[in-house]
Amino acid sequence: MRVGILALQGAVEPHRAKLAALGVEAVAVRLAEELAGCAGLILPGGESTTMLNLIEAYGLEEPLREFAARRPCWGVCAGSILMAAEVENPSQVSFGLMPITVRRNAYGRQNESFIAKIDLRLPGEPPRSQEAVFIRAPRITRCAPETRVLAELDGAPVAVEHGRHLATTFHPELSEGDRLHRHFLTICGAQRLAGAG
Amino acid sequence: MEQGLRLKVGLAEMLKGGVIMDVVTEEHAKIAEDAGATAVMALERVPADIRREGGVARMSDPALIERIMKTVSIPVMAKCRIGHFAEAQILQELGVDYIDESEVLTPADEAHHVDKFAFKTPFVCGCTNLGEALRRIGEGAALIRSKGEAGTGDIIEAVRHLREVLRNLRAIAQMSEMELMAEAKRIQAPYELVRYVHEHGKLPVPMFVAGGIATPADASLVMQLGAEAVFVGSGIFKSENPAKRAQAIVKATTFFDKPAELVKVSRDLGTPMSGIARNALPEDQKLAARGW
């Protein structure tokens, strides 16, 4: 199985390393044709404004929407901002791949970045405590009722799942362990077996 | 790595593959953000002007930095003088996202750099070789950049520094364990960090390039050589069409290995910054020699 990582800018390498350790080939996706053959796509952390700029300049918006209609996507931090239905602070373009509202830099600037323990509740597994790294992180301020909350911090969701898509406001690629990467690969595998697209 | 340092390096990870641009006004900052900069460096004068005007170059006015922080949603960096920990304390209190302890400003201490572990705000520091990079990391820097020769628009020093660091990294990776202490002594670097390099074949923090980048081709060159992101100082706002050149350098950094794309973005950019050949500079005007 091959999984794409949107590689316009940002923390691509740590995701590649996690996937490689799980025996999965990562494909750096910068152009629409590089999405072909990917079982899923990770939209990594970085600067959402930079990524939006390049997505627009290279006509990636429609190909991304079409891909997301068939295959799983996982937005991490900036990636979750791109996937949201609505973005605050400031308001900006997003692709509405998940019915969530995301507030940028909701905890503050870099001096307010932090590492916390969260309880991650993955489907079919007992909840387990794990580390979560938040860097100039966004906050999910609203999500549609059918969204499954996988983890919360101080009452706000920090990991959510909706249909085949996943969003986390923290950076699992910067911590030990691979539960979320495994979970995403499970979704990708199931989607493939279902023969979608 | 302890938690504080992991958060500092974490932000540098997020800046990879992007362009950090020097800006001196809110208008510049907005142009940089709209062009796709991953961060801006807020300062009163770009290096080319510091060079031209001479005198002592210090930390920028906090009011200017604050205005820029209010204008853009991307990270804002600011510079303090080498060894000037009081300027660094002021920048931390202001809440900037990264502090650049920079040779572009006039050094405040001729022997010591800032103890960067004493700060919550992450630091980026320049280097000309691996020993210098590891000394800065040993003091707590979470991001390393080449010094290059700022304000010249001449890429030769940045290339020299990047190649020098990478050559030494490869050499240490190949050494036997018993050679490591002698190598640490030779390059004047902390032994534990030389060990890290031996085991991992890379620096423990990201390596970006700064100093003399003026064109999309310059960005492509350093990215192909192994830089993980680029800083552009005078190269954008000292050129004829800053908005267009800024966007072109952003695209060139993402598509650094695709010449067909580089052709497109390099067309019709207007006049680049005029620049000064590095070899034409008198020794006492070479900024890269600052730092210990």
Compare each residue of the stretch A:8-31 in its chain alone against the assembly with all protein chains, and report those whose accessible area goes down by 40 Å² or more; 1.4 Å probe, heavy atoms. A:Gln9, A:Arg30
Around B:Arg136, with a cut-off of 9 angstrom between Cβ atoms, what is the net charge of the other residues, counting Lys and Arg +1 and Asp and Glu -1? -1
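Set the Förster radius R0 to 35 Å, insert the Cβ-Cβ distance between A:Asn89 and A:Ala28 as r into 1/(1 + (r/R0)^6), and round the FRET efficiency to 0.05.
Numbers: r = 30 Å, r/R0 = 0.85.
Here the calculated transfer efficiency is 0.75.
If you average 1/r over every pair of different alpha-carbon atoms in chain B and take one over that average, what Kirkwood value in Å do you get?
Numbers: mean 1/r = 0.0529 Å⁻¹.
Evaluated on chain B, it is 18.9 Å.
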Given Cβ charges of +1 for Lys and Arg and -1 for Asp and Glu, the option among A:Ser129, A:Cys73, A:His15 whose Cα lies farthest towards the positive end of the dipole of chain A is A:Ser129
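Which value, in Å², gives the accessible area per residue of the stretch B:108-159 when a 1.4 Å probe is used on the protein heavy atoms? Present the calculation step by step, with values, prior to reporting the outcome.
Working: 1390 Å² over 52 residues.
Accessible surface, normalised per residue, equals 27 Å².
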Output row B,A: buried area (accessible, probe 1.4 Å, summed both chains) in Å², nearest hundred, equals 2900 Å²
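Between beta-carbons, use under 10 Å as the cut-off and find the net charge around A:Arg109, counting Lys and Arg +1, Asp and Glu -1. It would help to have the intermediate numbers written out before the result.
Working: positive: A:Arg136; negative: A:Glu112, B:Asp97.
With Lys, Arg at +1 and Asp, Glu at -1, the neighbours total -1.
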Phi angles of the stretch B:12-26, converted by Karplus (6.51 cos²θ - 1.76 cosθ + 1.60, θ = phi - 60°) into ³J(HN,Hα) in whole Hz with x for Gly and Pro, give 4, 4, 5, 8, 4, x, x, 10, 9, 10, 6, 9, 10, 9, 4
About its Cα centre, what dipole magnitude does the stretch A:2-193 give when the only charges are +1 on Lys and Arg Cβ and -1 on Asp and Glu Cβ, stated in debye to the nearest 20? 280 debye
Roughly how far apart, in whole Å, are the Cα centres of the stretch B:180-249 and the stretch A:87-102? 33 Å
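When Cβ neighbours within 10 Å are restricted to other protein chains, what is their mean count per residue of peptide A:111-118? Mind dumping the intermediate values first?
Numbers: counts 11, 3, 9, 2, 5, 0, 0, 0.
Whole-number average of other-chain Cβ neighbours for A:111-118 is 4.
What is the stretch B:93-233 by shape, rounded, prolate or oblate, if you read a ≥ b ≥ c off the alpha carbon gyration tensor as root eigenvalues and call it rounded for a/c under 1.5, prolate for a/b larger than b/c, and oblate otherwise?
Cα axes put the stretch B:93-233 in the oblate bin.
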Provide, as a two-decimal number, the C-alpha radius of gyration of the stretch B:64-104 over 2.2 N^0.38 Å, N being how many residues it has. 1.12
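Net charge near B:Arg45, counting Lys/Arg +1 and Asp/Glu -1 over other residues with Cβ under 10 Å of its Cβ? Intermediate results must be reported in sequence, preceding the final value.
Working: positive: B:Arg51, B:Arg52; negative: B:Asp22, B:Glu44, B:Asp49, B:Glu53.
In short, -2.
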Any residue on another chain or 5+ positions along whose placed amide H is under 5 Å from the amide H of B:Phe123 is listed here as B:Ile99, B:Ala142, B:Leu143
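Can you tell me what share of the DSSP beta bridges in the protein assembly as shown is antiparallel? A percent to the nearest 5 is fine.
On the way: 20 of 61 bridges.
Taking every DSSP beta bridge within the protein assembly as shown, about 35 percent pair in antiparallel fashion.
Which of the residue pairs B:Lys70/B:Lys120; B:Lys70/B:Lys202; A:Lys18/B:Lys244; A:Lys18/B:Lys147; B:Lys185/B:Lys286 have a Cα-Cα distance greater than 28 Å in the structure shown? Show your work: numbers first, answer last.
On the way: B:Lys70/B:Lys120 21 Å; B:Lys70/B:Lys202 36 Å; A:Lys18/B:Lys244 37 Å; A:Lys18/B:Lys147 32 Å; B:Lys185/B:Lys286 26 Å.
Violating the 28 Å limit, Cα to Cα: B:Lys70/B:Lys202; A:Lys18/B:Lys244; A:Lys18/B:Lys147.
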How well do other chains shield peptide B:15-22, expressed as the mean number of their Cβ atoms within 10 Å of each residue Cβ? 5
So what are the ³J(HN,Hα) numbers for the stretch B:135-146, from phi and the Karplus equation (6.51, -1.76, 1.60; θ = phi - 60°), rounded to whole Hz, Gly and Pro as x? 5, 5, 5, x, 8, x, 4, 9, 8, 10, 10, 5
Give the long-range amide H neighbours of A:Ile5: residues separated by 5 or more places, or on another chain, with amide H under 5 Å away, using H modelled in the peptide plane at 1.01 Å from N. A:Val27, A:Ala28, A:Val29, A:Ile42
For B:Arg290, the accessible surface traced by a 1.4 Å probe with all protein chains present amounts, in square angstrom to the nearest 10, to 60 Å²
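Set the Förster radius R0 to 51 Å, insert the Cβ-Cβ distance between A:Arg179 and B:Gln89 as r into 1/(1 + (r/R0)^6), and round the FRET efficiency to 0.05.
Working: r = 40 Å, r/R0 = 0.78.
The computed FRET efficiency comes out at 0.80.
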Buried on assembly, the stretch A:44-66 (at least 10 Å² less accessible surface than by itself, 1.4 Å probe): A:Gly46, A:Glu47, A:Thr49, A:Thr50, A:Asn53, A:Leu54, A:Ala57, A:Tyr58
Longest principal axis of chain B (C-alpha) makes with the long axis of helix B:191-200 (C-alpha) an angle, in degrees to the nearest 10, of 70 degrees
B:Lys79 long-range amide H proximity, modeled H, under 5 Å: B:Ser60, B:Asp100
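Could you pull out every whole DSSP H run in chain A that spans at least 18 Å of Cα extent along its own axis and averages -1.0 or higher on the Kyte-Doolittle scale? Could the numbers behind the result be given before it?
On the way: long enough: A:179-193 (21 Å, -0.10).
Passing helices, by number: A:179-193.
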Counting only protein heavy atoms and using a 1.4 Å probe, what share of the accessible area of the protein assembly as shown belongs to carbon plus sulfur, as a whole percent? 50 percent
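Over the protein assembly as shown, what number does the Rg to Rh ratio reach, with both radii from the alpha-carbon atoms and Rh per Kirkwood?
Values: Rg = 22.1 Å, Rh = 22.9 Å.
Checking Rg against Rh, the ratio lands at 0.96.
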For the stretch A:2-193, what does the accessible surface come to per residue with a 1.4 Å probe? Please give it in Å². 37 Å²
Per-residue HN-Hα couplings for the stretch A:79-86 [Karplus 6.51, -1.76, 1.60; θ = phi - 60°; Hz; x = Gly/Pro]: x, 5, 5, 5, 7, 5, 7, 8
B:Leu281 accessible area, nearest 10 Å², 1.4 Å probe? 20 Å²
Taking the 0 to 90 degree range and rounding to the nearest ten, how far is the long axis of helix B:156-174 tilted relative to the main principal axis of chain B, both from C-alpha atoms? 30 degrees
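Averaged over B:111-122, how many beta carbons belonging to a partner chain fall within 10 Å of each residue's beta carbon? Mind dumping the intermediate values first?
Numbers: counts 0, 0, 0, 0, 0, 0, 0, 0, 1, 4, 3, 3.
Mean shielding by partner chains, rounded to a whole number: 1.
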At q = 0.14, 0.23 Å⁻¹, what base-10 log of I(q)/I(0) does the Debye formula yield for the stretch A:1-84 when every alpha carbon is treated as an equal point scatterer in vacuo? -0.40, -1.13
If eta is 0.890 mPa s and T is 25 °C, what Stokes-Einstein diffusion coefficient results for the stretch A:2-193, Kirkwood Rh from Cα pairs, in µm²/s? 150 µm²/s
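The values are calculated or read from the model by the stated rules, or taken from the named source; none is laboratory data. None of the values given here were measured: they were computed from a predicted structure. Methodologically, a virtual Cβ is constructed for each residue, glycine included, from the backbone with ideal geometry; neighbour enumeration extends over all protein chains shown. Note: accessible area is taken over every heavy atom of the protein model, side chains too, but ligands, DNA and RNA are not part of it. Shrake-Rupley method; radii C 1.70, N 1.55, O 1.52, S 1.80 Å.
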